[in-house]
1. Note down all Cβ pairs under 6 Å where the first residue falls in the range A:146-166 and is in the same structural domain as A:GLU179 (by TED's automatic domain parsing) and within 30 Å of A:GLU126 (Cα to Cα), the second is surrounded by fewer than 19 Cβ atoms within 10 Å (Cβ to Cβ) and of a type in the set (S, T, N, Q), and they're at least six residues apart or on different chains.
2. Quick check: is even one residue across the range B:823-837 touching a residue at least 24 places away in the same chain (Cβ under 8 Å) and assigned to a strand (DSSP E or B)?
3. Go through (1) touching a Phe, Trp or Tyr at 6+ places or on another chain (Cβ under 9 Å); (2) closer than 24 Å to A:ARG71 by Cα; (3) of a type outside the set (A, V, I, L, M, F, W, C) for A:THR239 and report which single condition fails.
4. Taking only pairs six or more apart or across chains, which ones have beta-carbon atoms under 6 Å, a first residue in the range B:269-296 that is within 19 Å of B:LEU615 (Cα to Cα), and a second residue that is among the acidic types (Asp, Glu) and surrounded by 21 or more Cβ atoms within 10 Å (Cβ to Cβ)?
5. What number of residues within the range B:158-181 are aliphatic (A, V, I, L, M), at the interface with another protein chain (Cβ under 9 Å from one of its Cβ atoms) and either surrounded by fewer than 20 Cβ atoms within 10 Å (Cβ to Cβ) or without any contact (Cβ under 8 Å) to a residue 60 or more places away in the chain (or both)?
6. Within the range B:566-592, track down each residue that is assigned to a helix (DSSP H, G or I) and touching a residue at least 60 places away in the same chain (Cβ under 8 Å).
7. Give the residues of the range B:49-79 that are more than 11 Å from chain A (Cβ to nearest Cβ), out of contact with any strand residue (DSSP E or B) (no Cβ under 6 Å at 6 or more places or on another chain) and at pLDDT 95 or above, sorted by residue number.
8. Return the residue satisfying two criteria in turn: it lies in the range B:212-244 and is among the hydrophobic types (A, V, I, L, M, F, W, C) and within 13 Å of the chain's Cα centre (by Cα), and of such residues it is farthest from B:ARG159 (Cα to Cα).
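The values are calculated or read from the model by the stated rules, or taken from the named source; none is laboratory data. Model, not experiment: these values are computed from the prediction. Reconstructed Cβ throughout: ideal geometry from the backbone, glycine too, with neighbour counts over all protein chains shown.
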Amino acid sequence: MLTSAPRIVTSRLDHEDSYTLERYLATGGYKALHKALRMKPEAVAAEVNRANLLGRGGAGFPAGRKWSMLRAAETTYLVVNGDESEPATFKDHLLIERDPHQIIEGAAIAAYAVGARLAFIFCRGEFALGLERLTAACNEAYEHGALGGRIFGSTFSLDIVVHPGAGAYICGEETALLESLEGKRGFPRIKPPNFPAAIGLYGEPTVVNNVETISALPWIIQNGGDAFAALGAGTSTGTRLFALSGRVARPGWYELEMSKTTFRDLIFDPALGGGIADGGELKAFIPGGVSAPWLGPDSLEIGLDQEAVGRAGSMLGSGSVVVLDQTSCAVRAAWRITRFFWRESCGQCTPCREGGHWLEKILRRIEEGDGRFSDLDLLMDVCDNLAPGVSWPPEQTTICVLGSSIPSSVASALRMFREEFATHIRTEECPFAGAPHEMAGGR
Amino acid sequence: MSAVRNRAGDAVVHLTIDGTAVEATPGELLIDAAERAGVFLPRFCYHPRLDPVGMCRMCLVEVSGPRGFTLQPACMLSVAEGLEVRTASDKARKAQQGVLEFLLINHPLDCPVCDKGGECPLQDQAFSHGPGESRFTEEKRHWAKPIEIGPRVLLDRERCIQCGRCTRFAAEVAGEAMIDLAFRSDGIEVAPFPGKPFDSYFSGNTIQICPVGALTSPAYRFKSRPWDLEQVETTCTTCAVGCRVVAQSSAGRLVRYLGVDSDPVNQSWLCDKGRYGFEAVHSAHRLTTPTVEKGEVHQPVTWHEALDAAAAALRDARERGGPDAVGILGGARLSNEDAYAWAKLAKSVLGTDSVDAQLDDGLPAAAVLGLPHATIDQAAAASVVVTLTGDLREELPVLFLRLRRAALDGVRIVECSTAATALTPYAAHRLAYLPGEIARLAGALVGATRAHPTGVDDEALAAARTLMHSLDGGGEGLVVVVGRPSLAESGETVAEAAHAIWRAYPNARFLPALRRANVHGALDMGLAPGLLPGRVTLEAGRDALSAAWGELPAKPGRDGRAILQATVDNEISTLILLGCDPLGDCPDRELARAAIEQARFVIFVGTHHTGASALSQVVLPVAGDGERGGTTTNCEGRVSRLAAKVLPPGIAWPAWTVAGELAKRFGASLGFEGVDQISSEIARLAPAYRGVDTALLGHPEHRDGVVVPLAAVPVDIGGRRPRPIDPIATPGILSVEDQGSPLELGAAQPAGAAGDVAPGWPPATAVPLVTFSPPDGAAPADEPAAGAYRLVVRRTLYERGTLVAESPSLAQLVPEPAVFVHPAALKELRVAPGSTVTVRSARDSLQLPIALDDSLPAGVALLVANLVPSEGRGASALVDASRPATDVWLEKV
């Protein structure tokens, strides 16, 4: 059901000029920063802790806890991760293009709380408009005194560098992002020891927060952590921005109160997803980005709650929900997702570099009618060599989680729709060929 | 965390590996701790001389942690107290097999035509840790291959397993990230930067450590298979670093050199000159048979006839002018045993002390031998290193690698050099000085003189002096690397500079950085005027040695430059050239040319046809690298074994045999019939080499050689045992079936041989070793003449010497000559870079293209030595070696 929760990160988005400083100030912008600067940094952090703001990038680690884990050092950096590059994920894109000042204000609040004097916004390079607006907003913010030396007359100074990414999905992984920021190849770093809070950008302790996480900070400071925590339930507090796509009638973005809204609401509520496209039936949905295991119609009653989705064997992840209907080919979906991960593997670790492409080749073969029944066990075993046990949360044989993310869709498709694979193999063709949309099958 | 200590008091951590309790050193990597405990973990990206990266995932093992047992790469995990490790559990095995299967899916499996086949870590570990068969039935990745990524490196991208060893070597060890990984996913490939070939002096190491056949060398590609190879472990005699190598041959020809991980010396690395220089051994220009000049031409003759001719000439010279009428030059490329035999022939049979292994291209012998020596390890662990040398990367490349690493690890380097060197970026301070001023600079550096050396930056000097003041009064922890910064600056002034530092810091140690392979050994063996074998002077050693050697020359003879001058002056009539070519080797070409022309008779003893052999009356061919046994002594004074792998060409003899046969023609006997006998005699009679015999060096613990003189404790190897050869780190050595000597030789010694050596030593005699005090009044350089540039003559790695010119892999690498100046000089001359100018000295003039080097002080012109064949005129044509420095004038053409 739709709750009465306020829109926290998308409050301004109904305005055409939401990205301008003028509109931002007219809608209460930078008041939170003024307020934060009158507070002690520890008090700001305490407010965020009270809000129990879970990271919105995918891993869902509490932002306040992340800040508290910083190694004490002379220099601390804040990095805002805006490298959103996964298929079906478009929430940060929206916030970057439509409310860049909110990100800047949030970054300033976070930097103040953790004692950073320099922050970087690492923005996906393909967001041309986003980069333009983010850069323009930064310039406006400097002009307005919200960035630079002695912000709003306080003793706090902050510079922000907007850094466009160079087109690699892996740079959304925080340690690869830091390598890339340092001008190196985007290879994820090995953790331990390279946890950014200890050994981050240029070896200094670094906070890396997602754009949406950062965007929630002004509201939390303005309204208090308790007000945020009052929304949602359990550990899943506040609202989240969901990106709904696939075979639904009304794909798009929806900011919803966590926990109290269910997947059924999101997909079927007439004000939200509006049901399956073309009056079809729900076959399965991906609850949290393409690295998450799939769920079936029997999971619709699960709330948009990090723990609940975890219990169901998947994750809320990046908040991207992809819907498959009865005309969508599971093999094709798994293949398309695997192809994405294969192409975006950084190539550092053997299992991901080689295994991703191997899985892609087998899946493509099956989808194109050249499958073998032995492929089904082979697929699962290759998955097992990427993520031993193929369970959730996955075990890793690689440095970062990209490798262990590949098996999610492959194993989900195989476990939920094994018969569909069999049909492909037996009939030597995709049974969904010819359906008039992207998610149907065929050569 | 308080460290747990074992009974010896060392901090230890306890862990269990596959149920067995293991002790390890804190901080040790699990992969190493497991290996010491006898559990080998498969690996590809891990290399003990590179930083671990955990990329290949081959060493995944199950490790206990807060979340239970998880898979972790053993190469990235430091051991911790209580750690439980499962290396062979079902899960660990499956992960390892999975990684191996992944590695092979795109690998072409073309082992039958791959150079690496039979010595390949991928092949071996596919057998030991792989799943046995592949389930991959798709099309493999295809790429054009091989592609030349540099002049000496071919890349087969299909075979590459993306372990990054090569790229990490280039960045971490060589400090030249000329190759990197490009692209991503399974399209990732090793690549040089666009338009910039991978042309590093150290490029061959990437081929050596490649765990598959992805990187191959044009020199070895398709030349042999591991099962056709034979090998010996020996010492590289390309330069005086003395890197340990294995020399591998097939069908009687040397085909490959690989670096051995000798911890105190080369730590498994080689320069490309050392790696490929063996090709000169099989050059078509080798001397294969003795020749004698008859009329205008050299005719092949029997050894008998050639030796008779040589002996007749020597006898004639002695009869006309006494023993001093014979001069012997060269020998710095001989083995110690060869050098000893020739020194014995010269000083005890021919009666001449005018013998010099150096041709004025090094330092005074007394300075080289008489300053307290440092080892490379001591330099690498020093607090301050002062360099008085040329560019070490050009002259002693692997020493450069060691010092570069040392600087990164915190050693502070004060570089005294006229032009920037490869070490400059790693130096704490660089003091650029005007050639001729080095002694004054050293005096100023240690605060011995107020006089300010010309050309030196005040601030840099003050900062360097502050650093020197941080040393304790005696200079403990100070190592001075002393070589020959410029061939146009006399060795005497450099020796004086070193001495100035020693006077101020009596506990300082000195690492001589002369370049020629066995120059240190040759001087140690007495191939220098006024010296006898074992670092003693003629006077000091006369009584002790004459019992064995017989009568010795009454007074010290002439050094290299004086021998040449005396030949010009008709005081020396007959020259013996021991493998040297004065026209190319002497920094003063005019002096060398005049001497050779003036000499009545020249006897050439060497390996290759050279300009000098063509001008000689008798040419005697001898064995070269890879063809002779014995020992060699590196810049540290480390004596290590040489081993023969192939036969000398034609009827060439070992050089010591030639000396012995000549001695017979004077009714004398040198008293030995084999190399080992000479070694024993050296160990008995040469004070600094006392005890260093075949048995000592043959012991496995002394594979890295021993530094002479042996200290009170027989051999201090610092508790360090030579590393076992690691077939994954350096593939291609253990895979050879015939391990040859001396690897075998060591094993054949009775157990405990090293300990048994000490009692067998002859008693120490009272012969003091030589100490250095510079002769008084070495003239300091004058101010440069008006309008003149001070000349610097530098060395480069690929100079046109015999070794480079006769090695096909290297010959094309010799750079074109040019004169380098500071950009200001171009303005002055009003010429554009690249245009030709005349470089004129009092001696001669050359026309050369002009090039820029903004690290040079204004008023300095830099040339590189030996870039033209010795018949032609190069930098040395300009130099007057009798002066401390040479001035040149530049003119627009």
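1. The qualifying pairs are A:VAL162/A:THR135.
2. yes
3. (2)
4. Here the result reads B:HIS285/B:GLU806, each pair linking the range B:269-296 to a residue that is among the acidic types (Asp, Glu) and surrounded by 21 or more Cβ atoms within 10 Å (Cβ to Cβ).
5. Number satisfying all stated conditions: 1.
6. Of the range B:566-592, the ones assigned to a helix (DSSP H, G or I) are B:566-568, B:582-585, B:589-592.
Those that are assigned to a helix (DSSP H, G or I) and touching a residue at least 60 places away in the same chain (Cβ under 8 Å): B:ALA566, B:THR567, B:PRO582, B:LEU583, B:GLY584, B:ASP585, B:ARG589, B:GLU590, B:LEU591, B:ALA592.
7. Taking the range B:49-79 and keeping what is more than 11 Å from chain A (Cβ to nearest Cβ), we get B:49-51, B:59, B:61, B:63-64, B:66, B:74, B:79.
Checking the rest, the ones that are also out of contact with any strand residue (DSSP E or B) (no Cβ under 6 Å at 6 or more places or on another chain) come to B:49-51, B:66.
Within the range B:49-79, B:ARG49, B:LEU50, B:ASP51 qualify.
8. From the range B:212-244, those among the hydrophobic types (A, V, I, L, M, F, W, C) are B:212, B:214-215, B:219, B:222, B:227, B:229, B:232, B:236, B:239-241, B:243; that's our starting set.
In the following step, the residues that additionally are within 13 Å of the chain's Cα centre (by Cα) were identified as B:236, B:239-241, B:243.
Details: B:CYS236: 30, B:CYS239: 34, B:ALA240: 36, B:VAL241: 34, B:CYS243: 30 Å.
Filtering the range B:212-244 for residues that are among the hydrophobic types (A, V, I, L, M, F, W, C) and within 13 Å of the chain's Cα centre (by Cα), the one farthest from B:ARG159 (Cα to Cα) comes out as B:ALA240.
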